[in-house]
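What follows is a short report on a single structure.
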Amino acid sequence: MKKTLLIIIGLIVLGIAPIVIRSPFFVHLMIMVLMWTVLGASWNILGGYAGQVSFGHATFLGAGAYTTMILYLKCGVDPWYGIFLGGLVAMVISLPIGFICFRLRGPYFSLSTLAVAEIVRLVALNWESLTAGPVGLLITTLPGVSFLGQPINWESKVPFYYIIAIITLIALIMTYIVSRTRVGAYLLALREDIDSAESIGINTVKARVVALALSAFLAGIAGGFYAMYLRYVDPDAVFSIGLSVEMLFIAIVGGLATVGGPLIGAIVLVTLGESFREHFLSGHLIFYGFFMMVAIRYMPDGVWGRLNVLFKKLRLKKDVNHGTA
Amino acid sequence: MALLDVQGLTKCFGGLKAVSDLSFQVNEGEILGLIGPNGAGKTTVFSLITGFIPANQGKILLEGKDIAGLKPYSIAHKGMARTFQIVKPFRKLTVLENVSLAAFLRHSARKDAEAQARRVLERVELIDKAEAYASDLTLSEQKRLEIARALATNPKVLLLDEPMGGLNPTEVDHASILVRDICKSGVTIVWVEHVLKAIMNSCHRVIVIHHGEKIADMPPEEVVTNPVVIEAYLGKKANSYKKGEPIC
Ligand SMILES: Nc1ncnc2c1ncn2[C@@H]1O[C@H](COP(=O)(O)OP(=O)(O)O)[C@@H](O)[C@H]1O
Ligand SMILES: [Mg+2]
């Protein structure tokens, strides 16, 4: 009951936030929070639920971003289909990557994802006929679309806000469904012990490939959105290791293998990142890194995990009070 | 036709022949004991017939169909489940979640899988611990959890790898009753144990392996007085052994 109420309140806040607070900076901040929520949710499915730590998730973000961009610029495909196709292409690319990297376990898997991500970045940098190499791709105008009879004004950030809000809801609902069904249970089994998982009939190769594909799909969609929102992509902007690491941080700080974790992680880290950037100019990464160390040391289950424990304690206390009263 | 028919199974680790031209059959409804000194190759036999490691040679027929070369998960689908000598629970999941995961093999809905898991937990007397984390169980409970998880996949053949290892005498008696009970419910069992005594009263038949080779296949009462077996277990000390006295 309480949960449904919380969700309804959350949805209302999500719906009216940009109408109530009109500052473009604030809307931009919320767009970034939501986009990073999707990226954190993407990483969380593979890294949190299935326990396969990837250092190369920027690959899928980049694949989505370039797909959407190239389809729009070269084939005139509407970006709103393009974003979805970006997710699909990222998913397809994840299959051979899974085939290569899932031969390895644990830290070796993680290192192989890092290596693959670097290879993909170098390919994007050098395949100039497709990606324009280091120069990057730029969109000058977005297509005219009207909504409820009104032409949409792409110079305002608000339409982008609603688009990413819908994508975020899809990501969270997808995570919820995964966590509630057999698929999600299988992913947890993978994380815990691959031999035991096999012994009870789980095709662990298939389960890992499914986790990676779902994860890549979400990162690809977020990437497609990223390209449309910033209207510019180049290999260093979308394939950099920094992005992969950021996704991992958000999922870990928020709380691994939880539905709401990535949202919390993104709220904390994106706002913190922005304000550190504002206050400390060049040194902001030091503070950011320091915060990460403290968070991981004192909240190994993430903020969401920590909150859950606190809630449970509070509830217990209440029950005890009722008992004595 | 035997339920499980192993023919000429061979496995080398480098120069070491861990299992050597091993053949045996498991009949439906029996408890077959598989014993041998430490390092005899018992665990390797289990890993071979459940597909965890590939054999160099040999056939493994389950209900007449060759399953050699299949992956462990598909062997589980075909109705053969194993436990691990060194227990491998899903440590950060609860006991109920551990067993439900296995029950998902035959039930796609979580509700059905959980109901099946609860039934199995009742049988192995772990139902009181359903909400406990697997990592918080005692060794004896973790061994029972191994059995529960294998059982929840609804197997025809259950392979138990030293379920008594590390247990005290009371727990051993308790576990023996459980295994016999599982057999009575229609599950065929192959039971590996290092010490013969533990399974003496439960097995219908015992196979003894030594250095990866089968050296005996007979009822348990005969095994304990068989000179070849005694020699394998006691080595040179066999000379000082008085005839007719059981080895354990
Ligand atoms: N993965 C492996 N690689 C190399 N040698 C192994 C491996 N597994 C088992 N062995 C060796 O094979 C022999 C049989 O081992 P095992 O099957 O575990 O014996 P048991 O279960 O009867 O005690 C031992 O000598 C062991 O050292
Ligand atoms: Mg062994």
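Values in this text are rule-based calculations from the coordinates and carry no lab data. The model shown is predicted, which means the values in this text are computed figures rather than measured ones. Reconstructed Cβ throughout: ideal geometry from the backbone, glycine too, with neighbour counts over all protein chains shown.
Relative contact order of region B:49-148: 26 percent, from C-alpha pairs under 8 Å at least 6 residues apart in sequence. Taking chain B as a Gaussian network, Cα atoms linked when under 10 Å apart, which of B:K42, B:K197, B:K143 shows the biggest mean-square fluctuation? Ranking B:K42, B:K197, B:K143 by mean-square fluctuation puts B:K197 first.
Taking all Cα pairs closer than 8 Å and separated by 6 or more residues, the relative contact order of chain B comes to 25 percent.
Does the protein assembly as shown come out rounded, prolate or oblate by the C-alpha gyration tensor, with a ≥ b ≥ c the root eigenvalues, rounded set by a/c under 1.5 and, if not, prolate when a/b is larger than b/c and oblate if not?
Because a/c hits 1.5 or more and a/b exceeds b/c, the protein assembly as shown counts as prolate.
Dividing the mean sequence gap of close Cα pairs (under 8 Å, 6+ apart) by how many residues region A:27-324 holds gives a relative contact order of 35 percent.
How many angstrom lie between the C-alpha centres of region A:180-203 and region A:225-262? Computed from Cα coordinates, the inter-centre distance equals 27 Å. For B:R82, the residues 5 or more places off, or on other chains, whose built amide H falls under 5 Å of its own are B:L159. Ordered by the count of other Cβ atoms within 10 Å of each Cβ, fewest first, A:Y176, B:Y233 give A:Y176, B:Y233.
Among B:E97, B:E221, B:E213, the largest mean-square fluctuation in a Gaussian network model of chain B (Cα springs under 10 Å) belongs to B:E221. Across region A:186-191, coupling constants 3J(HN,Hα) worked out from phi with the 6.51/-1.76/1.60 Karplus curve, θ = phi - 60°, read 5, 5, 4, 4, 4, 4 Hz, and Gly and Pro carry x. For the options A:S54, A:S110, A:S23, a Gaussian network treatment of chain A with springs between C-alpha atoms closer than 10 Å singles out A:S23 as fluctuating the most. Here the protein assembly as shown is assigned +1 on the Cβ of each Lys and Arg and -1 on the Cβ of each Asp and Glu. Its dipole about the Cα centre then comes out at about 660 debye.
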